[in-house]
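In what follows, a structure is listed as structure tokens, so that the remarks can point back to it.
The values are calculated or read from the model by the stated rules, or taken from the named source; none is laboratory data. Note that the structure is predicted; figures quoted are calculated from it, not measured. Here the Cβ is made from the backbone with ideal geometry for all residues, glycine too, and neighbour counts use every protein chain on show.
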Amino acid sequence: MPGRGRRPELVKGDRAAEIVTPFVLVVVVMIGLCVASLDILSAARAFVGGESRWSKAQKIAVSSLQHYLSSNAEADYRQFLDAVAVPLGHRAGRVELDRAHPDMSVVTEGFRRGGTDEADIPGMARLYRYFHNVGSIRRAVDIWVEADRSIDDMVALGADAHRRISAGERDRAWAESTSAQLRAIDERLTPMEYAFTDALGSASRETVNLLRVWLCLAAATMVLIAARRARRLLDDRVRVADELRASEDRFQLAVAGSNDGLWDWDRTTGHIYLSPRLRQMLGLNITDDGAATSVFLCLHPDDRRQVMRAVTAHVWRNHPLNVEFRVPQRFGAPRWFHARGASSRDATGASRRMAGSVTEITERRKADAMLFAAKERAEVTLQSIGDAVITTDATGCIELLNPSAERLTRWTTDRARGRPVGSICHFVAESSGVPIADPVMQVLDGQPAWSQNDKLVLMHPEGTTIAVDLTATPIRDRSGNMDGAVLVLRDVSSDREHAAQLSYQASHDVLTGLINRREFERRLARAMTSAESNGRPFTVLYLDLDQFKVVNDTCSHAAGDELLRQIAALFFEHVRPTDAVARLGGDEFVVLLEDCDADAALTVAEGLRVAIGDLNFAFGERGFATSASIGLVSLSADDRLAREDILGAADAACHLAKEKGRNRVQTYHLDDDEVAVRQTEMSWVSRIQAALASQRFALYEQDIVDLRRHPPHRHVEVLLRMVGEDGELIPPRAFIPAAERYGLMPSIDRWVVQSAFAALRGAMDRGVAEIPSQCAINLSGTSLCEEGFAVFLRQQFAAFDIAPSSICFEITETAAISSLSRATAFIHEMRALGCYFSLDDFGAGMSSFTYLKHLPVDFVKIEGSFVKDMIDDPIDYAMVEAINNIGHVTGKRTIAECVSTPELLAAVHRLGIDFAQGFVLSVPRPFLQRTGPLGTARASTHSSA
């Protein structure tokens, strides 16, 4: 039996070898021919490419040698050698291949020098060695050899030319003869190059023709073999058809027109037939036996006993065989199957033969599980979400309320089921109170989805309301038919309360309950629009509490907050309910009086001022007197001011009220120059701050000439200019008053000191000639009184390594006298370092000359208003003379300002004044730049302070 079992397989293997072997041999021969032909064609292509490089190099060599004969340049000769190296490299490779045992490294090196890619060299070597004596290839080789002789002649000509030219020979006749020989060589080589290419082309065509012949022979051989085997195959086909027909008869009973697995159990013989599909389902191999035990072992252990009981019940009790089971998989989760079967029974009812099918139901089981899980999730989600959900049928009657809906509507699902939504939910618009029709019925009548722009509330029968957001959406079946609707309600009472609170906080001050700046500006814009359209006047009051900082500093900020709250309460007692009162910040308030002219507004402002003065604020055991400065701006329909200008004008008027003594009302008029000046100064504040931030200041200098020395020592005063946004220079008289009024002078003085020291240090490091021996820098009175300014100066002297003796600080008479003790202390501290001091604008303050005796300054600068008129005005002359004499008596040197004419300079000199400064001596110029154009319009003599 074993021998018989192997014999058909051996016969089948021999027959396969007998049929396949001839075809394999023919295919191998064809492949060999193709490989050899491709190798020859590739090598021929490489030789053609080499010939292209060979010919190009030959042309370059001829051209380079021609240039060399005329230019005698060594670079041309080097170019000739580089070009001729290509054909010489090819020749070296060819000569080596002609040897009986060529050295392939020499061949590779030669062809590589000739520009051939290294991958093509082996094929070229094979083509040359085995076919250089064959047909067109031999003709190409002969042409190559002949061309190399001409190359040798050209190389010899080049060597001879190089020797002669290197020796200094410049024979023109020889050069022309050599050039002619080169042209002759080039003319010989050109046809050889064409012939070489034609020969290789012929070789390629011969190879292609040979390949065609061999392929035709191979094809004819295969046709003959196929014809011989066709007869035998036809005979085998008839035999196989008979066997297939018998097999098809076996399956006709079990075919059910599906892809299910089929099984057949002959209980008499015990043989079980399993279709290939069923074996695949159960994971059985084709060679496995068909015993019932092997089938049951394929099932999941937990399902095996259940299936066996079902089969037993069907066999012995004729129960229907309809069972589901799992089959484990090698990889992944088990798969589910559904088995059905029927039996043919004998007269006694015993089962003799069983047959049936097995269907895979894994995807259906997964779908059922997913559907169940989705249903559970939907139900749990519906029960747990915070939104109220009501579902209805196609007629609008309620089917379900989730717990949130039961709490919101105060109806249970059992009570509400079958009722229309409108019977348990009554919706009204929050703003108008108008009832809203049942949204579910609107959706069921054809509206795709329902929403309401107005805010809604849910009205309960006892009158209570709940703010809600509502959406209603139809439910459709697979055919698109209306199957019901779902109504979603959300309790938004807290959200709306929170939104209202946020809206209030966005427009009101938290501390006082008054509106804030943003809301006030909105109402001011509305009042301006109303004034333009209806001609109604309006007034703006700007209030600032006087001495509010005293309350904060004395009793803490809690006291200040309490005072602000009490002030806010006063407003509501003295303004109309329609008027807007806002707190802008700190202790600043603003009032908008609509439809109120200037006279009525002044009455209201005075009333507020008196009420604030009568407040008598007390905190703890301390009492404080309160007052306020008020700026008033009244506008009619004819007045045109921007919103920012109105507030700015009111602020300026309030500041002016403070400067005039506080606790007063200052009215602003469009033609009020005093308030306009204050507004202009306030506008300079932001410009000065921007100039400081972007370094838009410039330093200038003007000579202070020593009238006693010839030549005098170089002594200059450092002047300050602001660079405007448009690049124009702005003199100090335009911005210094605003800087002094609003406390910006310390920052400007620090910038001047630091910039001047940096410029001096840079000039010293560059070795600039004529560096001033002394620089006068102006300081404001505010800087003199500022804590830490002396420390700042010491740091700058150390940082830039500037000698203190080269710096003279100028302070004005009024600044020194206003804080005499602090100025004296500051002067003594800086003089201890070595600095000098000058008392500027002396005489302008008309102070007692006694101060001059006690101020430890080195120079006295006589006020320029006295100097410039001293020739024509005897009083001015006497003032200048007196100041000069007293200065000398007190041991101080004197400086005359504003010396603008030669006559003034002569008068100053006659009086014995030590120094002079003015346009007649020098005009202001950029600091430490002796030359450069400077117009007199920009050359102001105002000092930096």
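Structure data summary
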quantity	calculated
Residue within the range 791-801 that is crowded, with 19+ Cβ neighbours inside 10 Å and at pLDDT below 90 present	no
Answer from Ala738, Ala690 - the residue that is in a helix (DSSP H, G or I), aliphatic (A, V, I, L, M) and out of contact with any Leu (no Cβ under 8 Å at 6 or more places or on another chain)	Ala690
Selection count where residues are touching a residue at least 60 places away in the same chain (Cβ under 8 Å) and not charged (D, E, K, R), scope the range 364-388	2
Among (1) modelled with pLDDT under 90; (2) within 29 Å of Leu593 (Cβ to Cβ), the one test that Ala559 misses	(2)
Test: residue in the range 162-185 that is exposed (fewer than 13 other Cβ atoms within 10 Å of the Cβ), over 14 Å from Leu69 (Cα atoms) and either basic (Lys, Arg) or within 60 Å of the chain's Cα centre (by Cα) (or both)	no
Considering residues of the range 474-524 that are β-branched (Val, Ile, Thr) and part of a strand (DSSP E or B) only, the residue farthest from Gly422 (Cα to Cα)	Ile515
Long-range neighbours under 6 Å by Cβ, at least six apart or interchain, first residue closer than 19 Å to Ile31 by Cβ within the range 204-230, second of a type in the set (Gly, Ala, Ser) and surrounded by 15 or more Cβ atoms within 10 Å (Cβ to Cβ)	Thr207/Ser37; Leu211/Ser37
Helices (runs of 4 or more DSSP H) wholly inside the range 93-210 containing at least 3 residues that are in the same structural domain as Ser52 (by TED's automatic domain parsing) and of a type in the set (Gly, Ala, Ser)	135-166
Sole exception among (1) outside the structural domain of Leu282 (by TED's automatic domain parsing); (2) touching a residue at least 12 places away in the same chain (Cβ under 8 Å) for His338, by number	(1)
Selected residue [among the small types (Gly, Ala, Ser), in contact (Cβ under 8 Å) with a residue 24 or more places away in the chain and more than 16 Å from Ile398 (Cα to Cα)] from Ala485, Ala467, Ala472	Ala467
Options Ser404, Ser357: the member that is closer than 30 Å to Pro334 by Cβ, touching a Gly at 6+ places or on another chain (Cβ under 9 Å) and surrounded by 12 or more Cβ atoms within 10 Å (Cβ to Cβ)	Ser357
Given (1) assigned by TED's automatic domain parsing to the domain that holds Leu615; (2) in contact with a helix residue (DSSP H, G or I) (Cβ under 6 Å, 6 or more places away or on another chain); (3) farther than 21 Å from Phe571 by Cα, number of the condition Ala485 does not satisfy	(1)
Residues of the range 739-757 classified as modelled with pLDDT of 85 or more and farther than 18 Å from Glu717 by Cβ, total	3
Residue within the range 418-430 that is polar (S, T, N, Q) and at pLDDT 80 or above present	yes
Every residue from the range 344-386 that is in contact with a helix residue (DSSP H, G or I) (Cβ under 7 Å, 6 or more places away or on another chain) and either polar (S, T, N, Q) or closer than 30 Å to Arg407 by Cβ (or both)	Ser351, Gln383, Ile385, Gly386
Every residue from the range 328-364 that is touching a strand residue (DSSP E or B) at 6+ places or on another chain (Cβ under 6 Å), part of a loop (DSSP other than H, G, I, E, B) and farther than 16 Å from Leu282 by Cβ	Asp346
Answer residue from the range 759-790, given it is assigned to a loop (DSSP other than H, G, I, E, B) and among the polar types (S, T, N, Q) and is surrounded by the fewest Cβ atoms within 10 Å (Cβ to Cβ) among those	Ser773
Search result, residues across the range 273-286 that are crowded, with 18+ Cβ neighbours inside 10 Å and more than 60 Å from the chain's Cα centre (by Cα)	Leu274, Ser275, Leu278, Arg279, Leu284
Identity of the residue in the range 673-723, small (Gly, Ala, Ser) and surrounded by 14 or more Cβ atoms within 10 Å (Cβ to Cβ), that ends up modelled with the highest pLDDT	Ala698
Sole residue being closer than 24 Å to Thr197 by Cβ, loosely packed, with under 14 Cβ neighbours inside 10 Å, touching a Gly at 6+ places or on another chain (Cβ under 9 Å) and not basic (Lys, Arg), chosen from Asp98, Asp117	Asp117
Search result, residues across the range 572-615 that are of a type in the set (Gly, Ala, Ser), more than 23 Å from Gly535 (Cβ to Cβ) and touching a helix residue (DSSP H, G or I) at 6+ places or on another chain (Cβ under 9 Å)	Ala582, Gly585, Gly586, Gly607, Ala611
Criterion: modelled with pLDDT of 90 or more and out of contact with any Gly (no Cβ under 7 Å at 6 or more places or on another chain) - qualifying residue of Leu905, Leu928, Leu934	Leu905
